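One structure follows; several queries about it will come next.
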Ligand code: FES
Ligand code: FES
């Protein structure tokens with residue numbers, strides 16, 4: 001067991017748990033924040049993507065011990081009212097089918113727009129290259145990412 | 001009376017995050033609400049609660065089904081709230097599959113909406129002292145134009161509730177629809193993009209424990225003995241429970257359960273299938289395809305006409321095992337008490353889950369509550385109740401404690417059931433004038449054996465039973481002077497069950513590729529040949545025919561083909577290094593689809609990547625009446641990616657075990673492989689009823705692409721998945 005301090009969506013948290021426990025399960029099982037999804041547990045699908053500072057990380061690949069002192073943003077913390085420009089764009093383009101992969105997609109796009117407020121199509125594809133959407137919502141994800149950039153999703 | 005806000009607070013206080021997706025409850029004792037059927041409850045605050053009687057697996061039923069009722073009710077759609085139905089006396093067929101959700105609830109939902117509307121109009125007419133026929137309805141109001149009076153539905157509920165519920169209310173004509181046929185946003189959209197949507201994996205209950213199961217790696221093996229000493233040392237592990245299928249580790253979190261399972265030492269029994277391999281099984285299917293199976297459709301001299309033809313052609317096609325690989329692995333949560341049980345399952349078969357619990361726990365149906373939870377994809381996998389069974393078995397051992405039983409990605413990839421592999425052997429006979437006069441299509445496959453005992457092979461010798469396994473073979477809309485279709489079923493230790501579009505994808509792949517092979521040999525345009533085989537210039541060929549209860553309408557297929565040909569500007573433009581490919585099909589519930597695709601080969605495909613690029617897809621769909629056109633467009637897009645995925649992955653077996661385990665060795669289509677241009681064209685005509693769309697739209701994608709890449713590679717693609725080696 002280890003005692004680890006970290007910040008989630010601006011709130012300081014102290015976690016007592018197995019230092020090897022991936023952040024994914026810390027969020028989902030210990031903190032009850034289930035917006036971060038499990039899809040593979042192996043860094044292959046991107047469903048568990050969250051932001052470490054401004055960088056996208058796969059929560060299933062970050063052991064609790066490596067999270068100490070860091071600050072994370074999950075889908076629950078992207079906006080207070082659910083109306084972040086990226087969220088608006090996602091609704092405008094009606095991206096979601098089952099929707100399970102979308103929190104990870106949205107946070108990956110958030111990281112992209114933060115570093116490149118007006119990405120090219122290839123940069124959008126590149127950022128999302130390792131994200132699985134088994135329902136096949138990619139055509140709309142592309143559109144929504146472009147719209148999100150126009151709406152100022154990088155700010 | 002509980003107000004809406006109090007109710008939300010109440011449910012939140014009672015603890016479960018699982019209630020987030022379900023905002024309302026139907027309490028029975030509230031006055032002045034109108035609930036003329038189990039589908040509908042109209043509240044005095046103006047909200048209109050509609051029950052969703054199918055499971056949401058990403059296909060949009062939580063939006064499209066309420067639209068049907070709201071249409072006949074003339075409700076303002078903004079007033080509509082939804083609640084997922086649970087199995088019980090009012091809801092006996094919540095099962096979701098076969099692309100049938102809209103088709104099968106169309107009539108009862110319209111009936112329910114129209115009945116309530118009739119009662120509201122009668123109440124208003126009585127209050128005003130006018131004839132009901134002189135009133136009209138719109139946007140949740142009854143209007144009387146002659147006297148310029150109007151009442152909101154919510155003002156009429158108490159009076160309307162006193163009216164008799166009409167048994168056969170007047171329904172609208174499709175031409176009168178104002179909501180059906182308009183694009184509508186998903187109800188769940190806002191919850192999804194904020195992370196609030198609750199899927200099965202997200203169910204959290206007070207005191208809940210988590211479980212994973214160690215299952216035999218080899219087909220047909222069982223746990224002979226196990227040693228949990230090390231498992232019990234893992235902090236958080238609470239208990240180890242034997243189930244029918246394996247050994248469950250129960251812990252206070254997912255991570256501890258997984259680590260506990262890793263530490264478990266299980267001795268698996270010897271299995272007769274320890275040397276089973278998919279290659280061996282495919283060789284057997286191939287051998288069997290050398291002889292015709294049970295005849296399921298025949299005309300003229302059948303296959304014998306081929307031998308006597310001026311020219312004959314034949315080819316054999318292969319289709320692999322495939323996993324569903326829904327992004328949310330299967331899971332189920334259950335709490336078993338002495339006299340009751342409650343289950344939260346992201347299922348496609350809520351009544352099946354209830355029946356399972358009733359049988360296993362020997363409880364009356366009324367004591368088993370099934371909550372249908374959002375599913376992260378379904379594709380037929382969630383028609384199985386194997387994971388619910390595991391949850392119930394463990395929960396029974398943990399009386400009173402909710403047990404959240406989850407499968408990891410590897411569990412999901414290896415221990416579910418699969419799309420059936422098959423071999424298709426096709427032959428055509430061509431006369432001296434270059435006309436295709438005879439056709440044979442033999443299918444050999446493994447019938448479904450996962451949800452019910454495998455059918456006896458003798459049973460499958462009965463054409464009436466065999467036919468249902470050969471969608472896309474027996475019901476091909478094409479016709480010839482002589483034709484013979486046959487099916488052979490094979491027993492297998494591998495588990496086979498429903499998968500998106502079930503029996504169609506392999507048959508349509510083989511058939512539509514073979515049509516192109518014939519066209520190439522005849523130097524005919526492949527669309528022209530298809531139209532000829534649909535008898536467009538043949539007065540002898542009937543315009544429709546019935547087979548196994550299905551009505552196949554050739555002119556609907558012709559119309560879809562013509563539409564796609566025109567929209568693709570077929571034959572009029574070509575880009576260097578690219579080729580067009582085409583395929584068309586009829587799905588057995590009455591939906592017609594065609595795809596034209598523009599494709600190039602990749603010079604140096606990376607490992608795990610499709611060896612070609614699809615630049616443009618033109619899709620045409622005739623699914624009868626369209627309820628939510630944006631939902632249809634979404635399914636068409638989804639079908640393209642699903643079809644492309646089936647060109648890059650497969651499941652294989654070695655030494656009795658599944659080889660693949662995750663998205664690295666069972667890769668699905670990714671964003672960089674997504675065609676940049678997708679056009680969806682829906683055939684608009686005076687259809688009388690809606691048909692399904694989620695499955696039919698996948699079948700023609702692989703053959704259309706295969707037809708294009710075969711031209712580019714100069715050799716025929718006859719096998720899925722397609723590798724770079726197949727194209728050089
Ligand atoms: S769950 Fe982390 S990448 Fe798939
Ligand atoms: S929307 Fe279902 S996996 Fe992406």
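The values are calculated or read from the model by the stated rules, or taken from the named source; none is laboratory data. Worth saying up front: this structure is predicted, and the values here are computed from it rather than measured. With ideal geometry, Cβ positions are generated from the backbone for all residues, glycine too; neighbour counts draw on all protein chains shown.
So, restricting to strands (runs of 3 or more DSSP E) that lie completely within the stretch B:200-299, which ones have at least 1 residues that are in contact with a helix residue (DSSP H, G or I) (Cβ under 9 Å, 6 or more places away or on another chain) and farther than 30 Å from residue B:84 by Cβ?
B:209-214, B:237-242, B:247-251, B:265-268, B:294-299
Which one of the conditions (1) under 17 Å from residue B:189 (Cβ atoms); (2) within 16 Å of ligand 1 (Cβ to nearest atom); (3) not in a helix (DSSP H, G or I) does residue A:131 fail to meet, given that it meets all the rest?
(1)
Could you grab the pairs with beta carbons closer than 9 Å, sequence gap of 6+ or different chains, first residue in the stretch A:20-42 and at pLDDT below 95, second one within 16 Å of ligand 2 (Cβ to nearest atom)?
none
Does at least one position in the stretch A:98-114 carry a residue that is more than 16 Å from the chain's Cα centre (by Cα) and either away from ligand 1 (no atom under 16 Å from the Cβ) or at pLDDT 95 or above (or both)?
First pass over the stretch A:98-114, keeping only residues more than 16 Å from the chain's Cα centre (by Cα): A:98.
So of that shortlist, the ones also either away from ligand 1 (no atom under 16 Å from the Cβ) or at pLDDT 95 or above (or both) come out as A:98.
Among the residues of the stretch A:98-114, at least one is more than 16 Å from the chain's Cα centre (by Cα) and either away from ligand 1 (no atom under 16 Å from the Cβ) or at pLDDT 95 or above (or both), which makes the answer yes.
Hey, another quick one. When the residues of the stretch B:325-350 are filtered to those that are under 15 Å from residue B:385 (Cα atoms) and facing another protein chain (nearest Cβ under 10 Å), which remaining residue is nearest to ligand 1 (Cβ to nearest atom)?
The selected residue is B:329.
If I ask for residues that are away from ligand 1 (no atom under 16 Å from the Cβ) and either surrounded by fewer than 24 Cβ atoms within 10 Å (Cβ to Cβ) or within 19 Å of the chain's Cα centre (by Cα) (or both), which ones from the stretch B:376-388 would you list?
Step one: of the stretch B:376-388, the residues away from ligand 1 (no atom under 16 Å from the Cβ) are B:378-388.
Selection gives B:378, B:379, B:380, B:381, B:382, B:383, B:384, B:385, B:386, B:387.
Can you find, within the stretch B:589-630, the residue that is nearest to the chain's Cα centre (by Cα) among those that are buried (at least 24 other Cβ atoms within 10 Å of the Cβ) and not in a strand (DSSP E or B)?
Checking each candidate, the answer is B:623.
If I ask for residues that are touching a strand residue (DSSP E or B) at 6+ places or on another chain (Cβ under 7 Å) and either more than 8 Å from every other protein chain (Cβ to nearest Cβ) or free of Cβ contacts under 8 Å to residues at least 12 places away in the same chain (or both), which ones from the stretch A:97-136 would you list?
Pass one, the stretch A:97-136, residues touching a strand residue (DSSP E or B) at 6+ places or on another chain (Cβ under 7 Å): A:100, A:104, A:107-108, A:110-111.
Matches in the stretch A:97-136: A:104, A:107, A:108, A:110, A:111.
Let me ask something additional. Pick out the one residue from B:68, B:57 that is away from every other protein chain (no Cβ under 14 Å) and either modelled with pLDDT of 95 or more or not in a strand (DSSP E or B) (or both). Don't jump to the end; show me each part of the working.
Working: B:57 fails: away from every other protein chain (no Cβ under 14 Å).
None of the others qualify; the one that does is B:68.
Inside the stretch A:36-65, can you point out the residues that are touching a helix residue (DSSP H, G or I) at 6+ places or on another chain (Cβ under 7 Å) and away from ligand 1 (no atom under 13 Å from the Cβ)?
Once the filter is applied, which keeps residues that are touching a helix residue (DSSP H, G or I) at 6+ places or on another chain (Cβ under 7 Å) and away from ligand 1 (no atom under 13 Å from the Cβ), the stretch A:36-65 yields A:51, A:54, A:55, A:64.
Quick one: count up the residues across the stretch B:320-349 that are assigned to a strand (DSSP E or B) and either closer than 24 Å to residue B:503 by Cα or more than 16 Å from ligand 2 (Cβ to nearest atom) (or both).
Just the residues of the stretch B:320-349 that are assigned to a strand (DSSP E or B), to begin with: B:321-322, B:331-336, B:341-345.
Still in the running and either closer than 24 Å to residue B:503 by Cα or more than 16 Å from ligand 2 (Cβ to nearest atom) (or both): B:321-322, B:332-336, B:341-345.
Residues that pass the stated criteria total 12.
Just checking, does the stretch A:137-154 include any residue being more than 11 Å from chain B (Cβ to nearest Cβ), more than 18 Å from residue A:9 (Cβ to Cβ) and at pLDDT below 95?
There is at least one residue in the stretch A:137-154 that is more than 11 Å from chain B (Cβ to nearest Cβ), more than 18 Å from residue A:9 (Cβ to Cβ) and at pLDDT below 95.
Can you tell me which condition residue B:527 does not meet? The list is (1) closer than 30 Å to residue B:379 by Cα; (2) touching a helix residue (DSSP H, G or I) at 6+ places or on another chain (Cβ under 6 Å), and all the others hold.
Failed condition: (1).
So that you can scan it fast, the table gives a plain yes or no per residue for (1) within 14 Å of chain A (Cβ to nearest Cβ); (2) touching a residue at least 60 places away in the same chain (Cβ under 8 Å); (3) at positive phi:
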{"position": "B:656", "(1), (2), (3)": "no, yes, yes"}
{"position": "B:666", "(1), (2), (3)": "yes, yes, no"}
{"position": "B:681", "(1), (2), (3)": "no, yes, no"}
{"position": "B:688", "(1), (2), (3)": "no, yes, no"}
{"position": "B:691", "(1), (2), (3)": "no, yes, no"}
{"position": "B:696", "(1), (2), (3)": "no, yes, no"}
{"position": "B:705", "(1), (2), (3)": "no, yes, no"}
{"position": "B:712", "(1), (2), (3)": "no, yes, no"}
{"position": "B:720", "(1), (2), (3)": "no, yes, no"}
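For the stretch A:95-120, name all the residues that are away from ligand 2 (no atom under 11 Å from the Cβ) and assigned to a loop (DSSP other than H, G, I, E, B).
Step one: filter the stretch A:95-120 for residues away from ligand 2 (no atom under 11 Å from the Cβ), giving A:106-120.
A:116, A:117, A:118, A:119, A:120 - these are the residues of the stretch A:95-120 that are away from ligand 2 (no atom under 11 Å from the Cβ) and assigned to a loop (DSSP other than H, G, I, E, B).
If you go through the stretch B:178-199, how many residues are touching a helix residue (DSSP H, G or I) at 6+ places or on another chain (Cβ under 6 Å) and either more than 13 Å from chain A (Cβ to nearest Cβ) or not in a loop (DSSP other than H, G, I, E, B) (or both)?
Total satisfying the criteria: 5.
Still on this structure: Determine whether residue B:352 is outside any strand (DSSP E or B), within 16 Å of ligand 2 (Cβ to nearest atom) and either modelled with pLDDT of 95 or more or in the same structural domain as residue B:662 (by TED's automatic domain parsing) (or both). Break it down into steps so the answer makes sense when it comes.
Details: outside any strand (DSSP E or B): yes; within 16 Å of ligand 2 (Cβ to nearest atom): no; either modelled with pLDDT of 95 or more or in the same structural domain as residue B:662 (by TED's automatic domain parsing) (or both): yes.
So residue B:352 fails the test.
Moving on to the next point. For residue A:37, which of the numbered conditions (1) within 16 Å of ligand 2 (Cβ to nearest atom); (2) assigned to a strand (DSSP E or B) fails to hold?
(2)
Okay, moving on. Considering every residue within the stretch A:61-82, establish whether at least one is more than 8 Å from chain B (Cβ to nearest Cβ), assigned to a loop (DSSP other than H, G, I, E, B), within 21 Å of residue B:327 (Cα to Cα) and touching a residue at least 40 places away in the same chain (Cβ under 8 Å).
Looking through the stretch A:61-82, at least one residue is more than 8 Å from chain B (Cβ to nearest Cβ), assigned to a loop (DSSP other than H, G, I, E, B), within 21 Å of residue B:327 (Cα to Cα) and touching a residue at least 40 places away in the same chain (Cβ under 8 Å).
Does residue B:437 satisfy the condition of being over 16 Å from residue B:325 (Cα atoms) and in the same structural domain as residue B:487 (by TED's automatic domain parsing)?
Numbers: over 16 Å from residue B:325 (Cα atoms): yes; in the same structural domain as residue B:487 (by TED's automatic domain parsing): yes.
Yes: the conditions hold for residue B:437.
What are the residues in the stretch A:83-96 that are more than 7 Å from chain B (Cβ to nearest Cβ) and touching a residue at least 40 places away in the same chain (Cβ under 8 Å), if any?
So the first thing to find is which residues in the stretch A:83-96 are more than 7 Å from chain B (Cβ to nearest Cβ), and the list is A:83-86, A:88-89, A:92-93, A:95.
Those that are more than 7 Å from chain B (Cβ to nearest Cβ) and touching a residue at least 40 places away in the same chain (Cβ under 8 Å): A:84, A:85, A:86, A:88, A:89, A:92, A:93, A:95.
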